[in-house]
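> Got a structure here, written out as C-alpha coordinates. Questions coming.
The values are calculated or read from the model by the stated rules, or taken from the named source; none is laboratory data. Model, not experiment: these values are computed from the prediction. Here the Cβ positions follow ideal geometry from the backbone for every residue, glycine too, while neighbour counts run over all protein chains shown. Quick note on the areas: whole protein, heavy atoms, side chains included, nothing else; ligands and nucleic acids left out. Shrake-Rupley method; radii C 1.70, N 1.55, O 1.52, S 1.80 Å.
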Amino acid sequence: MLHLAPVRLLRQSLLLLRSELRQELRDLELVLTSTFFTLVVLGMFYLSFAALEKKHTMPAVPGLLWLTVAFVGTITLTRAFDREREADTLRALLAAPVERLAIYVAKAGSTLLVLLVCCALLVPGLASMFPAGQVFWDMPLETVALVVLGCLGYVAIGTLFAAGLAGGGGKNMLLAVILYPVTTPVLMFALVTTRALLDKNPNLPSYLGQMAALDVILLGLGALLFEPVLVGAAPARTAQAARQHARDRLRTTGREEPR
Amino acid sequence: MSGAQQPITPIVLRSISQRFGRKVVLRGVDLELRARSITGLVGANGAGKTTLFLILAGLLQPDGGERRYGERVVADIDLELRARLAYVAHAPQLYPGLGARANLELFAELRHAAGLSSRPADDVLRGLGLPAEALDRPVSTFSRGMAQRVALARAVAGDPELLLLDEPFTALDARGRAQLAGALLAERDRGAAILLSSHDQGTLLRVCDRLVLLEAGAIVREVERGDDDPAGFAARASEVLGAVGPDDHAAA
(Lines give C-alpha, C1' and ligand atoms only; values in the text may rest on other atoms or scores of the structure.)
Protein backbone atom coordinates (compact mmCIF):
# COMPACT_ATOMS: atom_id res chain seq x y z
CA MET A 1 0.00 0.00 0.00
CA LEU A 2 1.50 3.31 -1.08
CA HIS A 3 1.94 5.97 1.59
CA LEU A 4 0.21 9.31 1.12
CA ALA A 5 2.05 11.69 -1.20
CA PRO A 6 3.14 14.19 1.51
CA VAL A 7 4.56 11.36 3.64
CA ARG A 8 6.39 9.90 0.64
CA LEU A 9 7.72 13.29 -0.30
CA LEU A 10 9.01 14.05 3.17
CA ARG A 11 10.64 10.66 3.71
CA GLN A 12 12.15 10.39 0.26
CA SER A 13 13.44 13.98 0.37
CA LEU A 14 15.21 13.25 3.64
CA LEU A 15 16.66 10.00 2.29
CA LEU A 16 17.96 11.66 -0.86
CA LEU A 17 19.32 14.62 1.08
CA ARG A 18 21.10 12.22 3.43
CA SER A 19 22.54 10.39 0.43
CA GLU A 20 23.72 13.69 -1.11
CA LEU A 21 25.36 14.76 2.15
CA ARG A 22 27.02 11.36 2.67
CA GLN A 23 28.40 11.55 -0.83
CA GLU A 24 29.69 15.05 -0.14
CA LEU A 25 31.19 14.09 3.23
CA ARG A 26 33.06 11.25 1.56
CA ASP A 27 35.01 13.45 -0.85
CA LEU A 28 34.19 17.02 0.35
CA GLU A 29 34.43 18.03 -3.27
CA LEU A 30 31.80 20.77 -3.30
CA VAL A 31 32.55 22.15 0.17
CA LEU A 32 36.30 22.32 -0.42
CA THR A 33 36.00 23.91 -3.87
CA SER A 34 33.41 26.41 -2.72
CA THR A 35 35.08 27.42 0.56
CA PHE A 36 38.49 27.73 -1.09
CA PHE A 37 36.96 29.92 -3.79
CA THR A 38 35.25 32.04 -1.11
CA LEU A 39 38.51 32.55 0.79
CA VAL A 40 40.37 33.54 -2.38
CA VAL A 41 37.64 36.02 -3.30
CA LEU A 42 37.68 37.47 0.23
CA GLY A 43 41.46 37.93 0.01
CA MET A 44 41.14 39.66 -3.36
CA PHE A 45 38.38 41.93 -2.09
CA TYR A 46 40.51 42.86 0.91
CA LEU A 47 43.54 43.73 -1.23
CA SER A 48 41.37 45.77 -3.58
CA PHE A 49 39.06 47.66 -1.21
CA ALA A 50 40.46 47.66 2.34
CA ALA A 51 42.22 50.99 1.95
CA LEU A 52 38.96 52.76 1.07
CA GLU A 53 37.02 54.77 3.64
CA LYS A 54 33.86 53.36 5.17
CA LYS A 55 31.57 55.62 3.11
CA HIS A 56 33.12 54.22 -0.05
CA THR A 57 32.93 50.57 0.94
CA MET A 58 29.32 50.82 2.12
CA PRO A 59 27.84 50.51 -1.40
CA ALA A 60 30.37 47.81 -2.35
CA VAL A 61 29.74 45.28 0.46
CA PRO A 62 26.31 44.06 -0.76
CA GLY A 63 27.72 43.56 -4.25
CA LEU A 64 30.73 41.65 -2.94
CA LEU A 65 28.48 39.39 -0.87
CA TRP A 66 26.01 38.46 -3.60
CA LEU A 67 28.57 38.33 -6.40
CA THR A 68 30.41 35.67 -4.43
CA VAL A 69 27.17 33.80 -3.73
CA ALA A 70 26.36 33.85 -7.46
CA PHE A 71 29.75 32.39 -8.43
CA VAL A 72 29.81 29.81 -5.63
CA GLY A 73 26.23 28.84 -6.48
CA THR A 74 27.14 28.25 -10.13
CA ILE A 75 30.13 26.11 -9.17
CA THR A 76 28.05 24.08 -6.71
CA LEU A 77 25.05 23.55 -8.98
CA THR A 78 27.21 22.61 -11.94
CA ARG A 79 29.17 20.04 -9.97
CA ALA A 80 26.14 18.68 -8.09
CA PHE A 81 24.48 17.70 -11.36
CA ASP A 82 27.75 16.64 -13.00
CA ARG A 83 27.85 13.75 -10.55
CA GLU A 84 24.43 12.61 -11.71
CA ARG A 85 25.33 13.14 -15.34
CA GLU A 86 28.58 11.16 -15.18
CA ALA A 87 26.90 8.01 -13.88
CA ASP A 88 23.44 8.75 -15.36
CA THR A 89 21.98 8.20 -11.89
CA LEU A 90 19.40 10.94 -12.30
CA ARG A 91 17.63 8.76 -14.84
CA ALA A 92 17.68 5.80 -12.42
CA LEU A 93 15.95 7.98 -9.82
CA LEU A 94 13.43 9.25 -12.36
CA ALA A 95 12.49 5.69 -13.36
CA ALA A 96 12.17 4.57 -9.72
CA PRO A 97 9.07 5.02 -7.53
CA VAL A 98 10.47 8.26 -6.18
CA GLU A 99 8.54 11.52 -5.93
CA ARG A 100 10.27 13.71 -8.50
CA LEU A 101 9.77 16.65 -6.21
CA ALA A 102 11.90 14.84 -3.61
CA ILE A 103 14.82 14.90 -6.05
CA TYR A 104 14.38 18.66 -6.41
CA VAL A 105 14.12 19.17 -2.65
CA ALA A 106 17.26 17.09 -1.98
CA LYS A 107 19.35 18.79 -4.67
CA ALA A 108 18.20 22.26 -3.65
CA GLY A 109 18.73 21.38 0.04
CA SER A 110 22.29 20.15 -0.41
CA THR A 111 23.21 23.12 -2.61
CA LEU A 112 21.70 25.47 -0.04
CA LEU A 113 23.79 23.88 2.72
CA VAL A 114 27.00 24.33 0.71
CA LEU A 115 26.10 27.98 0.01
CA LEU A 116 25.37 28.58 3.70
CA VAL A 117 28.74 27.06 4.68
CA CYS A 118 30.41 29.53 2.31
CA CYS A 119 28.32 32.41 3.70
CA ALA A 120 29.41 31.39 7.20
CA LEU A 121 32.91 32.36 6.05
CA LEU A 122 31.97 35.15 3.72
CA VAL A 123 29.77 37.28 5.99
CA PRO A 124 32.13 37.35 9.01
CA GLY A 125 34.98 37.89 6.56
CA LEU A 126 33.30 40.94 5.04
CA ALA A 127 32.32 42.20 8.51
CA SER A 128 35.91 41.93 9.71
CA MET A 129 37.54 43.45 6.65
CA PHE A 130 35.26 46.37 5.98
CA PRO A 131 33.94 48.77 8.64
CA ALA A 132 30.68 49.03 6.68
CA GLY A 133 30.13 45.32 7.32
CA GLN A 134 30.08 45.83 11.09
CA VAL A 135 26.28 45.91 10.88
CA PHE A 136 26.38 42.18 10.20
CA TRP A 137 27.70 41.73 13.77
CA ASP A 138 25.29 44.30 15.21
CA MET A 139 22.17 42.71 13.68
CA PRO A 140 22.92 38.96 13.57
CA LEU A 141 19.35 37.69 13.29
CA GLU A 142 18.51 39.99 10.42
CA THR A 143 21.80 39.03 8.74
CA VAL A 144 21.06 35.31 9.05
CA ALA A 145 17.53 35.85 7.71
CA LEU A 146 18.90 37.86 4.77
CA VAL A 147 21.55 35.28 3.85
CA VAL A 148 19.20 32.29 4.18
CA LEU A 149 16.43 33.95 2.15
CA GLY A 150 18.82 35.14 -0.56
CA CYS A 151 20.50 31.76 -0.92
CA LEU A 152 17.15 29.94 -0.83
CA GLY A 153 15.79 32.01 -3.71
CA TYR A 154 18.97 31.40 -5.67
CA VAL A 155 18.90 27.60 -5.28
CA ALA A 156 15.13 27.42 -5.85
CA ILE A 157 15.49 28.70 -9.40
CA GLY A 158 19.06 27.53 -10.01
CA THR A 159 18.29 23.89 -9.21
CA LEU A 160 15.45 23.86 -11.71
CA PHE A 161 17.62 25.01 -14.59
CA ALA A 162 20.63 22.91 -13.58
CA ALA A 163 18.39 19.82 -13.50
CA GLY A 164 16.91 20.67 -16.88
CA LEU A 165 20.35 20.87 -18.44
CA ALA A 166 21.58 17.71 -16.68
CA GLY A 167 18.50 15.76 -17.77
CA GLY A 168 18.71 17.01 -21.32
CA GLY A 169 22.43 16.42 -21.65
CA GLY A 170 23.10 20.15 -21.94
CA LYS A 171 26.56 21.59 -21.59
CA ASN A 172 27.80 23.16 -18.36
CA MET A 173 28.67 26.30 -20.23
CA LEU A 174 24.98 26.70 -20.97
CA LEU A 175 24.18 26.50 -17.26
CA ALA A 176 26.31 29.53 -16.51
CA VAL A 177 24.80 31.39 -19.47
CA ILE A 178 21.26 30.60 -18.34
CA LEU A 179 21.80 30.75 -14.58
CA TYR A 180 23.03 34.33 -14.31
CA PRO A 181 20.08 35.92 -16.12
CA VAL A 182 17.43 33.83 -14.31
CA THR A 183 18.92 34.40 -10.87
CA THR A 184 19.47 38.12 -11.41
CA PRO A 185 16.09 39.15 -9.93
CA VAL A 186 16.78 37.20 -6.72
CA LEU A 187 20.31 38.57 -6.46
CA MET A 188 19.14 42.15 -7.13
CA PHE A 189 16.47 41.82 -4.47
CA ALA A 190 19.01 40.42 -2.02
CA LEU A 191 21.40 43.21 -2.88
CA VAL A 192 18.80 45.92 -2.22
CA THR A 193 17.83 44.27 1.09
CA THR A 194 21.49 44.04 2.14
CA ARG A 195 21.86 47.73 1.43
CA ALA A 196 18.79 48.37 3.63
CA LEU A 197 20.40 46.27 6.39
CA LEU A 198 23.69 48.16 6.20
CA ASP A 199 21.77 51.48 6.26
CA LYS A 200 19.75 50.20 9.26
CA ASN A 201 16.68 51.09 7.25
CA PRO A 202 13.53 50.91 9.45
CA ASN A 203 11.71 49.16 6.59
CA LEU A 204 14.11 46.19 6.72
CA PRO A 205 11.43 43.74 7.99
CA SER A 206 9.30 44.66 4.98
CA TYR A 207 12.25 44.02 2.64
CA LEU A 208 12.85 40.63 4.28
CA GLY A 209 9.14 39.82 4.02
CA GLN A 210 9.22 40.56 0.29
CA MET A 211 12.29 38.35 -0.10
CA ALA A 212 10.46 35.54 1.68
CA ALA A 213 7.47 36.01 -0.63
CA LEU A 214 9.75 35.87 -3.69
CA ASP A 215 11.30 32.66 -2.34
CA VAL A 216 7.87 31.09 -1.91
CA ILE A 217 7.02 31.98 -5.52
CA LEU A 218 10.34 30.62 -6.83
CA LEU A 219 10.07 27.42 -4.80
CA GLY A 220 6.52 26.95 -6.07
CA LEU A 221 7.71 27.51 -9.63
CA GLY A 222 10.59 25.07 -9.15
CA ALA A 223 8.31 22.42 -7.67
CA LEU A 224 5.76 22.87 -10.42
CA LEU A 225 8.19 22.81 -13.33
CA PHE A 226 10.81 20.32 -12.12
CA GLU A 227 9.10 17.19 -13.47
CA PRO A 228 8.05 18.68 -16.84
CA VAL A 229 11.55 20.08 -17.30
CA LEU A 230 13.07 16.64 -16.76
CA VAL A 231 10.68 14.30 -18.57
CA GLY A 232 8.48 16.56 -20.68
CA ALA A 233 5.06 18.01 -20.02
CA ALA A 234 2.36 15.38 -19.96
CA PRO A 235 -0.88 17.39 -20.30
CA ALA A 236 -0.07 19.17 -23.57
CA ARG A 237 1.36 16.01 -25.07
CA THR A 238 -1.68 14.05 -23.94
CA ALA A 239 -4.04 16.19 -25.92
CA GLN A 240 -1.75 15.84 -28.90
CA ALA A 241 -1.61 12.07 -28.38
CA ALA A 242 -5.38 11.85 -28.20
CA ARG A 243 -5.77 13.81 -31.45
CA GLN A 244 -3.18 11.64 -33.16
CA HIS A 245 -4.88 8.47 -31.96
CA ALA A 246 -8.26 9.68 -33.19
CA ARG A 247 -6.73 10.45 -36.59
CA ASP A 248 -5.14 7.00 -36.72
CA ARG A 249 -8.40 5.29 -35.88
CA LEU A 250 -10.26 7.23 -38.52
CA ARG A 251 -7.59 6.39 -41.05
CA THR A 252 -7.79 2.67 -40.29
CA THR A 253 -11.59 2.66 -40.60
CA GLY A 254 -11.34 4.53 -43.90
CA ARG A 255 -13.28 7.59 -42.74
CA GLU A 256 -12.20 11.14 -43.31
CA GLU A 257 -10.85 13.20 -40.49
CA PRO A 258 -13.35 15.77 -39.23
CA ARG A 259 -12.20 19.38 -39.46
CA MET B 1 3.47 -8.47 -7.22
CA SER B 2 0.92 -6.16 -5.87
CA GLY B 3 -1.82 -8.27 -4.31
CA ALA B 4 -5.30 -6.85 -4.81
CA GLN B 5 -4.22 -4.28 -7.39
CA GLN B 6 -5.21 -4.67 -11.00
CA PRO B 7 -2.28 -6.02 -13.03
CA ILE B 8 -0.49 -3.54 -15.28
CA THR B 9 -0.17 -6.17 -17.99
CA PRO B 10 -0.73 -6.47 -20.84
CA ILE B 11 1.07 -3.28 -21.80
CA VAL B 12 -0.19 -2.06 -25.14
CA LEU B 13 1.40 0.67 -27.21
CA ARG B 14 -0.64 2.03 -30.09
CA SER B 15 0.61 4.36 -32.80
CA ILE B 16 3.47 5.65 -30.69
CA SER B 17 5.44 8.30 -32.49
CA GLN B 18 8.40 10.38 -31.43
CA ARG B 19 10.54 12.94 -33.13
CA PHE B 20 13.54 14.90 -31.95
CA GLY B 21 13.62 18.11 -33.90
CA ARG B 22 13.27 17.12 -37.54
CA LYS B 23 14.38 13.55 -36.97
CA VAL B 24 11.50 11.10 -36.73
CA VAL B 25 12.62 8.35 -34.33
CA LEU B 26 9.44 6.31 -33.91
CA ARG B 27 6.67 6.07 -36.49
CA GLY B 28 3.38 4.63 -35.25
CA VAL B 29 4.75 1.77 -33.15
CA ASP B 30 2.19 -0.83 -32.04
CA LEU B 31 3.45 -3.29 -29.46
CA GLU B 32 1.95 -5.56 -26.82
CA LEU B 33 3.89 -6.93 -23.84
CA ARG B 34 2.24 -9.80 -21.99
CA ALA B 35 2.77 -11.20 -18.52
CA ARG B 36 5.00 -14.30 -18.30
CA SER B 37 6.59 -13.47 -21.61
CA ILE B 38 9.97 -12.22 -22.81
CA THR B 39 9.83 -10.04 -25.90
CA GLY B 40 13.10 -9.44 -27.69
CA LEU B 41 13.38 -6.05 -29.37
CA VAL B 42 15.96 -6.14 -32.12
CA GLY B 43 17.10 -3.54 -34.56
CA ALA B 44 20.17 -1.79 -35.85
CA ASN B 45 21.74 1.05 -33.88
CA GLY B 46 19.56 4.13 -34.22
CA ALA B 47 16.41 2.14 -35.00
CA GLY B 48 14.63 3.72 -32.02
CA LYS B 49 14.94 0.94 -29.41
CA THR B 50 16.17 3.10 -26.55
CA THR B 51 13.54 5.76 -27.28
CA LEU B 52 10.88 3.07 -27.03
CA PHE B 53 12.32 1.94 -23.67
CA LEU B 54 12.32 5.51 -22.36
CA ILE B 55 8.68 5.95 -23.36
CA LEU B 56 7.68 2.70 -21.66
CA ALA B 57 9.60 3.64 -18.50
CA GLY B 58 8.01 7.09 -18.34
CA LEU B 59 11.26 8.93 -18.96
CA LEU B 60 10.02 10.44 -22.18
CA GLN B 61 6.59 11.65 -23.21
CA PRO B 62 5.74 10.40 -26.71
CA ASP B 63 4.67 12.93 -29.31
CA GLY B 64 1.73 10.81 -30.29
CA GLY B 65 -0.04 7.53 -29.63
CA GLU B 66 -1.46 5.72 -26.65
CA ARG B 67 0.09 3.77 -23.78
CA ARG B 68 -2.12 1.27 -21.99
CA TYR B 69 -0.96 -0.48 -18.81
CA GLY B 70 -3.51 -3.17 -17.99
CA GLU B 71 -6.86 -1.38 -17.96
CA ARG B 72 -5.38 2.11 -17.71
CA VAL B 73 -4.63 4.39 -20.62
CA VAL B 74 -1.92 6.61 -19.21
CA ALA B 75 -0.66 10.00 -20.21
CA ASP B 76 1.95 10.12 -17.51
CA ILE B 77 3.77 7.17 -15.92
CA ASP B 78 3.03 8.11 -12.32
CA LEU B 79 4.69 6.84 -9.16
CA GLU B 80 2.16 4.05 -8.75
CA LEU B 81 3.12 2.67 -12.16
CA ARG B 82 6.83 3.26 -11.65
CA ALA B 83 6.56 1.16 -8.49
CA ARG B 84 5.58 -1.78 -10.67
CA LEU B 85 8.09 -1.49 -13.47
CA ALA B 86 11.87 -1.45 -13.62
CA TYR B 87 14.23 -0.19 -16.26
CA VAL B 88 17.84 -1.21 -16.80
CA ALA B 89 19.63 1.02 -19.27
CA HIS B 90 22.80 0.01 -21.08
CA ALA B 91 24.72 2.24 -18.65
CA PRO B 92 24.39 0.70 -15.17
CA GLN B 93 23.28 4.04 -13.57
CA LEU B 94 24.83 3.26 -10.20
CA TYR B 95 26.36 5.66 -7.65
CA PRO B 96 30.07 5.00 -8.24
CA GLY B 97 31.19 5.88 -4.71
CA LEU B 98 28.73 3.48 -3.06
CA GLY B 99 29.09 -0.26 -2.75
CA ALA B 100 26.77 -2.70 -4.51
CA ARG B 101 24.85 -3.31 -1.29
CA ALA B 102 24.57 0.42 -0.51
CA ASN B 103 23.34 1.15 -4.03
CA LEU B 104 20.56 -1.40 -3.65
CA GLU B 105 19.77 -0.35 -0.10
CA LEU B 106 19.33 3.29 -1.12
CA PHE B 107 16.69 2.33 -3.67
CA ALA B 108 15.14 -0.18 -1.24
CA GLU B 109 14.87 2.59 1.39
CA LEU B 110 13.29 4.89 -1.18
CA ARG B 111 10.75 2.15 -1.94
CA HIS B 112 10.07 1.59 1.76
CA ALA B 113 9.62 5.35 2.23
CA ALA B 114 6.88 5.13 -0.38
CA GLY B 115 5.27 2.16 1.39
CA LEU B 116 6.62 -0.45 -1.05
CA SER B 117 8.46 -3.67 -0.33
CA SER B 118 11.78 -4.84 -1.67
CA ARG B 119 13.77 -8.07 -1.48
CA PRO B 120 16.90 -8.04 0.73
CA ALA B 121 19.85 -6.62 -1.20
CA ASP B 122 22.25 -9.46 -0.31
CA ASP B 123 19.87 -12.15 -1.50
CA VAL B 124 19.29 -10.53 -4.87
CA LEU B 125 22.96 -9.71 -5.43
CA ARG B 126 24.13 -13.21 -4.56
CA GLY B 127 21.35 -14.66 -6.69
CA LEU B 128 22.85 -12.85 -9.65
CA GLY B 129 26.30 -14.22 -8.93
CA LEU B 130 27.97 -11.24 -7.25
CA PRO B 131 30.71 -12.57 -4.92
CA ALA B 132 30.26 -11.81 -1.21
CA GLU B 133 33.54 -9.89 -0.97
CA ALA B 134 32.35 -7.46 -3.66
CA LEU B 135 29.17 -6.41 -1.86
CA ASP B 136 30.71 -3.44 -0.06
CA ARG B 137 33.34 -2.44 -2.60
CA PRO B 138 32.60 0.84 -4.42
CA VAL B 139 31.03 0.04 -7.75
CA SER B 140 33.55 2.37 -9.41
CA THR B 141 36.03 -0.50 -8.97
CA PHE B 142 33.71 -3.02 -10.67
CA SER B 143 34.06 -4.40 -14.16
CA ARG B 144 31.25 -3.43 -16.51
CA GLY B 145 29.81 -6.91 -16.24
CA MET B 146 29.68 -6.79 -12.43
CA ALA B 147 28.11 -3.33 -12.48
CA GLN B 148 25.52 -4.62 -14.93
CA ARG B 149 24.60 -7.40 -12.48
CA VAL B 150 24.13 -4.83 -9.71
CA ALA B 151 21.90 -2.77 -11.99
CA LEU B 152 19.81 -5.82 -12.78
CA ALA B 153 19.67 -6.77 -9.08
CA ARG B 154 18.33 -3.30 -8.27
CA ALA B 155 15.69 -3.72 -10.96
CA VAL B 156 14.41 -7.13 -9.88
CA ALA B 157 14.57 -6.42 -6.11
CA GLY B 158 11.12 -4.81 -6.23
CA ASP B 159 9.54 -7.76 -8.09
CA PRO B 160 8.43 -5.62 -11.03
CA GLU B 161 5.54 -6.63 -13.26
CA LEU B 162 7.26 -5.02 -16.24
CA LEU B 163 11.00 -5.35 -16.69
CA LEU B 164 12.62 -3.21 -19.35
CA LEU B 165 16.16 -4.25 -20.24
CA ASP B 166 18.06 -2.19 -22.77
CA GLU B 167 21.11 -4.23 -23.80
CA PRO B 168 21.73 -5.87 -20.40
CA PHE B 169 24.24 -8.37 -21.83
CA THR B 170 26.71 -5.67 -22.86
CA ALA B 171 30.18 -6.45 -21.49
CA LEU B 172 29.13 -9.72 -19.87
CA ASP B 173 31.23 -12.81 -20.45
CA ALA B 174 29.66 -16.12 -21.50
CA ARG B 175 29.13 -17.20 -17.88
CA GLY B 176 27.63 -13.84 -16.97
CA ARG B 177 25.28 -13.99 -19.95
CA ALA B 178 24.16 -17.48 -18.96
CA GLN B 179 23.52 -16.34 -15.36
CA LEU B 180 21.61 -13.30 -16.53
CA ALA B 181 19.57 -15.38 -18.96
CA GLY B 182 18.69 -17.71 -16.07
CA ALA B 183 17.63 -14.74 -13.97
CA LEU B 184 15.42 -13.44 -16.77
CA LEU B 185 13.72 -16.80 -17.18
CA ALA B 186 13.12 -16.85 -13.41
CA GLU B 187 11.57 -13.36 -13.60
CA ARG B 188 9.37 -14.46 -16.48
CA ASP B 189 8.24 -17.54 -14.55
CA ARG B 190 7.44 -15.29 -11.58
CA GLY B 191 4.99 -13.54 -13.89
CA ALA B 192 6.83 -10.50 -15.23
CA ALA B 193 6.47 -9.09 -18.71
CA ILE B 194 9.96 -8.49 -20.05
CA LEU B 195 11.12 -6.36 -22.95
CA LEU B 196 14.71 -7.11 -23.80
CA SER B 197 16.95 -5.52 -26.37
CA SER B 198 20.28 -7.07 -27.21
CA HIS B 199 22.71 -7.77 -30.00
CA ASP B 200 23.50 -11.15 -28.42
CA GLN B 201 21.50 -13.27 -30.83
CA GLY B 202 22.22 -16.60 -29.17
CA THR B 203 20.77 -15.51 -25.85
CA LEU B 204 17.82 -13.85 -27.55
CA LEU B 205 16.99 -17.10 -29.33
CA ARG B 206 17.30 -19.01 -26.06
CA VAL B 207 15.16 -16.83 -23.80
CA CYS B 208 12.68 -14.89 -25.93
CA ASP B 209 9.10 -15.94 -26.48
CA ARG B 210 8.72 -13.37 -29.21
CA LEU B 211 11.03 -11.29 -31.36
CA VAL B 212 10.13 -7.89 -32.72
CA LEU B 213 12.18 -6.18 -35.41
CA LEU B 214 12.34 -2.39 -35.28
CA GLU B 215 13.60 -0.70 -38.42
CA ALA B 216 13.87 3.07 -38.83
CA GLY B 217 11.37 3.64 -36.03
CA ALA B 218 8.73 1.18 -37.18
CA ILE B 219 8.02 -2.42 -36.26
CA VAL B 220 8.40 -4.33 -39.49
CA ARG B 221 8.29 -7.94 -38.36
CA GLU B 222 7.28 -10.11 -35.39
CA VAL B 223 7.82 -13.78 -34.77
CA GLU B 224 6.37 -15.75 -31.88
CA ARG B 225 7.51 -18.99 -30.29
CA GLY B 226 4.69 -21.48 -30.71
CA ASP B 227 4.25 -24.45 -28.40
CA ASP B 228 4.17 -26.83 -31.31
CA ASP B 229 7.02 -25.82 -33.62
CA PRO B 230 10.30 -24.87 -31.88
CA ALA B 231 12.36 -25.47 -35.00
CA GLY B 232 10.06 -23.22 -37.00
CA PHE B 233 10.50 -20.43 -34.44
CA ALA B 234 14.28 -20.76 -34.57
CA ALA B 235 14.25 -20.51 -38.35
CA ARG B 236 11.90 -17.52 -38.45
CA ALA B 237 13.77 -15.83 -35.60
CA SER B 238 17.07 -16.33 -37.37
CA GLU B 239 15.63 -14.52 -40.38
CA VAL B 240 14.66 -11.59 -38.16
CA LEU B 241 18.03 -11.54 -36.45
CA GLY B 242 19.77 -11.83 -39.80
CA ALA B 243 18.11 -8.60 -40.85
CA VAL B 244 19.84 -6.79 -37.97
CA GLY B 245 23.41 -7.77 -38.72
CA PRO B 246 26.19 -9.86 -37.23
CA ASP B 247 25.99 -11.17 -33.65
CA ASP B 248 28.04 -9.26 -31.06
CA HIS B 249 28.97 -12.50 -29.34
CA ALA B 250 29.24 -14.79 -32.31
CA ALA B 251 32.85 -15.51 -31.54
CA ALA B 252 32.31 -15.97 -27.81
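> Can you give the FRET efficiency for B:ASP30 and B:ASP209, using 1/(1 + (r/R0)^6), R0 = 25 Å, r = Cβ-Cβ distance, to the nearest 0.05?
The calculated FRET efficiency here is 0.90.
> Probe of 1.4 angstrom, ligands and nucleic acids ignored: what's the accessible area per residue over chain A, in square angstrom?
Details: 12440 Å² over 259 residues.
For chain A, the solvent-accessible area averages 48 Å² per residue.
> Pick out, from A:HIS56, A:PHE81, A:ALA213, the residue whose Cα sits farthest towards the positive end of the charge dipole of region A:6-234, with +1 on the Cβ of Lys and Arg and -1 on the Cβ of Asp and Glu.
A:PHE81
> Oh, and also: So what J values fall out for region A:74-81 if you push phi through Karplus, 6.51 cos²θ - 1.76 cosθ + 1.60 with θ = phi - 60°, rounded to Hz, Gly and Pro as x?
5, 4, 5, 5, 4, 6, 4, 8
> I would also like to ask the following. Using Cα pairs under 8 angstrom and six or more residues apart, how large is the relative contact order of chain A, in percent?
24
> Using a Cα-Cα cut-off of under 27 Å, which lysines could be cross-linked to A:LYS107, ignoring same-chain neighbours fewer than 8 residues away?
Answer for A:LYS107, where 27 Å is the Cα cut-off: A:LYS171, listed by chain and number.
> What is the mean number of Cβ atoms from other protein chains located within 10 Å of the Cβ atom of each residue in peptide B:56-63, rounded to a whole number?
Numbers: counts 0, 4, 4, 7, 3, 11, 6, 5.
Mean number of neighbouring Cβ atoms from other chains: 5.
> Leaving out ligands, DNA and RNA, and with a 1.4 Å probe, what % of the accessible surface on region A:6-234 is carbon or sulfur?
Numbers: 7070 of 9770 Å².
Here carbon and sulfur together make up 72 percent of the probe-accessible area.
> Now for a separate question. Could you rank the peptides B:17-28, A:72-83, A:125-136, A:55-66 by their average count of other C-beta atoms within 10 Å per residue, with the highest value first? Let's see the in-between values first.
Values: B:17-28: 15.3, A:72-83: 22.4, A:125-136: 20.3, A:55-66: 18.7.
Going from most to least packed, we get A:72-83, A:125-136, A:55-66, B:17-28.
> Under the rule of at least 5 residues apart or a separate chain, name every residue whose amide H is placed under 5 Å from the amide H of B:THR9.
Those lying under 5 Å, H to H, from B:THR9 are B:GLY70.
> Apply 1/(1 + (r/R0)^6) to the Cβ-Cβ distance of A:ALA51 and B:ARG137, taking R0 = 60 Å, and write down the FRET efficiency to the nearest 0.05.
The pair A:ALA51/B:ARG137 has a calculated efficiency of 0.60.
> Just name one of B:GLY65, B:MET146, B:VAL24: the one whose Cα is farthest towards the positive end of the charge dipole of chain B (beta-carbon charges, Lys/Arg +1, Asp/Glu -1).
Positive-most Cα among the choices belongs to B:VAL24.
> Taking H as built 1.01 Å from N, whose amide H comes closer than 5 Å to the amide H of B:VAL25, not counting residues under 5 places away?
Amide H to amide H, under 5 Å and 5 or more residues apart or across chains, B:VAL25 pairs with B:GLN18, B:ARG19, B:PHE20.
> Test of the criteria: in region A:43-137, which GluC sites (Glu not before Pro) are in a DSSP loop and have at most 10 other Cβ atoms within 10 angstrom of their Cβ?
Those satisfying the criteria are A:GLU53.
> Looking at the protein assembly as shown, send over the antiparallel percent of its DSSP beta bridges, to the nearest 5.
Restricted to the protein assembly as shown, the bridges split so that about 55 percent are antiparallel.
> Related question: Report ³J(HN,Hα) in whole Hz for each residue of region B:68-77, in order, from the Karplus equation J = 6.51 cos²θ - 1.76 cosθ + 1.60 where θ = phi - 60°; Gly and Pro get x.
10, 10, x, 8, 9, 8, 10, 9, 9, 7
> Take the Cα of B:ALA171, step 7 Å along the line toward its Cβ, and report every residue of region B:135-163 whose backbone nitrogen sits under 11 Å from that point.
It comes to B:140-151, nothing else.
> Moving on. Using the Cα centre as the reference, give the magnitude of the dipole from point charges on the C-beta atoms of the protein assembly as shown (Lys, Arg: +1; Asp, Glu: -1; all else neutral), rounded to the nearest 20 debye.
The calculated dipole for the protein assembly as shown is roughly 700 debye.
> Now for a separate question. Interface size between chain A and chain B, please: total buried accessible area, 1.4 Å probe, rounded to the nearest 100 Å².
Summing both chains' loss of accessible area gives about 3300 Å².
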